[in-house]
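Student: Have a look at this one before I ask anything.
Taken together, the values in this text are just the output of simple stated rules run on the coordinates, not laboratory data. These numbers come from a predicted model, not from an experiment. Positions of Cβ are generated from backbone atoms using ideal geometry, with glycine treated the same way; all protein chains shown enter the neighbour counts.
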Amino acid sequence: MDMERGGTEAFPELGQHCQQSSCNQLDFLPFKCDACTQVFCLEHRSYKSHNCPKAEQKSRTVVVCNLCSMSMERVGVMEEEGVILEQHVRSGDCNPSNKKKPRCPVKRCKQVLTFSNTTTCKICTQKVCLSHRFPSDHACNKPAGASLRSKFLLALDKRSAKECGQERIRASWCPICQSLLILDSHIC
């Protein structure tokens, strides 16, 4: 049986052998290196583990500035990290005031607000961490819909007063479930 083709006697087209000279393991889910285009097993799939001769052409890393937290891409191993940071500082793009990250506005909470741990309160529309997501946890005292509710009730009263002889509805907002309650209806 040809070892380069891979597979088993029953299924010769299934799987491929690792092309690492010391391994040659039959792998049914082989990895193809995007730099040297050879096939490897799980153990030898990284550039470093199979000593890929073309690794520096495909290598991409990110350098993060300590002053402003801005990230710059470094392609290949030719560019030194220190040189990239020095160019960034000299370019004028480095602004240390950008380093400040948003934090939870609750007193004594030092949680940095990120995509995965931030929620917006539906009542006061304030962004808080997940620990303070409930209105009672972040001293929520400004109901966002209060002005809307009062405008609605005023408009309802004005409309009802102008249409004398029509059925008039007296309504109020439930403080517990925040829904409209029809208290009574009568004809003027």
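Student: Once you sort the root eigenvalues of the Cα gyration tensor of the range 31-117 as a ≥ b ≥ c, which label holds: rounded (a/c under 1.5), prolate (a/b larger than b/c) or oblate (the other case)?
Tutor: Details: a/c = 4.63, a/b = 1.72, b/c = 2.69.
The shape class here is oblate.
Student: Using the Karplus curve 6.51 cos²θ - 1.76 cosθ + 1.60 with θ = phi - 60°, work out ³J(HN,Hα) for each residue of the range 50-57 in order, rounded to whole Hz, and write x for Gly and Pro.
Tutor: Karplus values, whole Hz, x for Gly and Pro: 10, 6, 5, x, 10, 4, 5, 6.
Student: What's the magnitude of the charge dipole for the range 28-75 around its Cα centre, counting Lys and Arg as +1 and Asp and Glu as -1 at the beta-carbon? Answer in Debye, nearest 20.
Tutor: Values: 7 positive and 4 negative charges, 12 e Å.
Roughly 60 debye for the range 28-75.
Student: Could you state the per residue volume, in Å³, of the convex hull enclosing the Cα atoms of the range 7-72? It would help to have the intermediate numbers written out before the result.
Tutor: Working: hull volume 6.8 nm³, N = 66.
Taking only Cα atoms, the range 7-72 has a hull volume of 102 Å³ per residue.
Student: Order of 98-106, 49-57 by packing, highest average Cβ count within 10 Å first? Provide the component values of the computation, followed by the final result.
Tutor: Working: 98-106: 13.1, 49-57: 14.9.
Per-residue mean Cβ counts within 10 Å order the peptides as 49-57, 98-106.
Student: Near Val112, within a Cβ-to-Cβ distance under 9 Å, what is the net charge of the other residues, with Lys and Arg +1 and Asp and Glu -1?
Tutor: Residues near Val112 contribute +3 overall.
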